[in-house]
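See below for the structure under consideration.
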Amino acid sequence: MAQAKKAVAKTSRKQTARTTVRAAVKTYQNYIGGKWVASESGELFENINPADTGDTIGRFPLSTSDDINAAVNAAQEAFDRWRRTPAPRRAEVLFRLGEILIGYKDRFAADMTREMGKVLKEAGGDVQEAIDCTYYTAGEGRRLHGFTTPAEMPDKFAMCTRQPVGLCGLITPWNFPMAIPSWKLIPALICGNTVVIKPAEDTPLSTYNLVKACEEAGIPPGVVNLVTGHGDTVGAAMTNHPALRLISFTGSTETGRIVASACAERNAICSLEMGGKNAIIVMDDADIDLAIEGAVWGAFGTSGQRCTASSRLVVHKKVYKQFVTKLVAHAKSLRVGNGADPRTDMGPVINADAVDKIMGYIQVGRNEDGATLACGGKRLTRGDYANGYFIEPTVFTDVAEDMRIAQEEIFGPVTTVIPANSIEDAIRIANGVRYGLSAAIYTQNVNQAFRAMNEVYTGIFYVNASTIGAEVHLPFGGTKATGNGHREAGTQVLDIFSEWKSVYVDFSGKLQRAQIDTVELAGN
Ligand code: ADP
């Protein structure tokens, strides 16, 4: 690998003009074939704190397709040995990784808050999810169940086993900077695949931390390769690389479509997790205070930057007024600030583009849609907020189901309250978007709860809980424009990262023919 040819620091999308470097800024490297190496380009981009754009966290390789080629070659070289390593042995290394992540949890959470902005407790939850995923999925090393089934003929045995898919390209977003990479990486590894992982350009440090922990755990060289850089160069080089048998992507529906098209061109397996426009239904018999707590947590947790965020609150008209009054009071009471401060309820949004997009939607809500701005709606720019990407928790009321703010994914601290006349009406509204990730109902009526559970077409559903809060041992994913039918987490993720092999063993010693119209029994 060539040494850095030049050390040009390019900006990430988070950077503004007034960057001041306060301390020596560390330069990070790619991890390819078990070695930490600079990009072939020699160029770097900066990772900036979204709560304080004067704080440069590190410089990361602005990689190119050459780096992807090198990483894929390393993954290819490591593949045979790793796939032949018995799965229980692969699991042992992953359990070790779980132990290492526990040891570094606080540091990794602090790094995550600094690069992504979410409050420390949520960052701790993100790292914990990687730990949980690692332990849970490593346990599959002693299961990875296939199945046996009777054969059509005597003295014949039939079974199904799992085999790795091969080399996997993992492309991840910035909103769960360690959890989402782990949801892809650990199942890929337990199934015997080798990987190239590319984190989002806004949050490379958390994936670096995860990969560094993999190295410490003793995962062999070439099994995990890390390449940082931009999506339209490095990401595209991955989706187009003929040796990457599988691309697993989490991000926006728009980018997912590009990724899926590239995979379709070369018959690669493609697994997509994308957007959401998730509804909480609040019925007239609901515990309103509980529903408010769920709505606030679901709408403003992670500053609304979750694909499962509660961006639509579909409220029965009998309790609409009461709900809105309490919701607005609660939203106004949230303390916005740097996520590293334990008093902060809601951190910044990720970058300048996100500010523009969210503020644009707030304009759409007020002007084009004509909804009522009940609270929030402003960017915070004074005092401690001056150098960060802070937006007030924002609630729109009198929202009609077909307004743009009720249909399009805003991915920020903005929620909409939509009135409904009945359970049928509420279910219809909940289903009336292009996405199908998560939904929830607040009610004390078991019939209504089960009805909504059956009728709402999403991959995840909650009763008397918010739309956010997935657990790693249940499948995660959505319907319609949210995904392409795959589920991550749970044991279902194994169906992404392994392929079935049907095995027939004929021990009759004779030719026994299947797929013909007469039944031929051995011995007859
Ligand atoms: P967001 O808009 O929230 O940043 P994206 O869907 O653009 O979400 O990004 C998710 C991931 O996809 C990131 O790692 C990003 O670098 C990557 N990405 C962006 N564009 C492409 C592309 N054309 N091909 C492959 N990956 C891409």
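The values are calculated or read from the model by the stated rules, or taken from the named source; none is laboratory data. Model, not experiment: these values are computed from the prediction. Cβ: placed from backbone, ideal geometry, glycine included. Neighbour counts: every protein chain shown. Each accessible area value is taken on the protein alone, full model and side chains, heavy atoms only, with ligands, DNA and RNA left out. Shrake-Rupley method; radii C 1.70, N 1.55, O 1.52, S 1.80 Å.
List of remarks:
- For the chain, the list of Cys residues with no other Cys C-beta under 4.7 Å reads CYS133, CYS160, CYS168, CYS191, CYS214, CYS307, CYS375.
- In this Cβ point-charge picture (+1 for Lys and Arg, -1 for Asp and Glu), the chain has a dipole of about 760 debye about its Cα centre.
- Listed residue (THR344, ILE258, ASN30) projecting farthest to the positive dipole end of the chain, Cβ model: ASN30
- Trypsin sites (Lys or Arg not before Pro) restricted to DSSP loop in the stretch 135-189 with at most 13 other C-beta within 10 Å: ARG143
- Cross-link reach is defined here as a Cα-Cα straight distance under 25 Å, omitting same-chain residues fewer than 8 places apart; for LYS156 the lysines meeting it are LYS501, LYS510.
- With all protein chains kept in place, the per residue accessible area of the stretch 123-178 amounts to 38 square angstrom at a probe of 1.4 angstrom.
- The local environment of ALA279, defined by Cβ-Cβ distances under 11 Å, has a net charge of +2 under the rule Lys, Arg +1 and Asp, Glu -1.
- Protein accessible area in the stretch 303-432, 1.4 Å probe - carbon and sulfur %: 47
- For the stretch 395-503: relative contact order, % (alpha-carbon pairs under 8 angstrom, 6 or more apart): 19
- Among the listed pairs LYS26/LYS212; LYS198/LYS480; LYS184/LYS212; LYS332/LYS378, those beyond 21 Å (Cα-Cα): LYS198/LYS480
- For the stretch 185-299, with all protein chains in place and a probe radius of 1.4 Å, 55% of the accessible heavy-atom surface sits on carbon or sulfur.
- Relative contact order computed over the stretch 143-297 (Cα-Cα under 8 Å; 6+ residues apart), in percent: 20
- Bridge type composition, the chain - antiparallel percent by DSSP, nearest 5: 45
- Taking every alpha-carbon pair under 8 Å whose residues sit at least 6 apart, the chain reaches a relative contact order of 17 percent.
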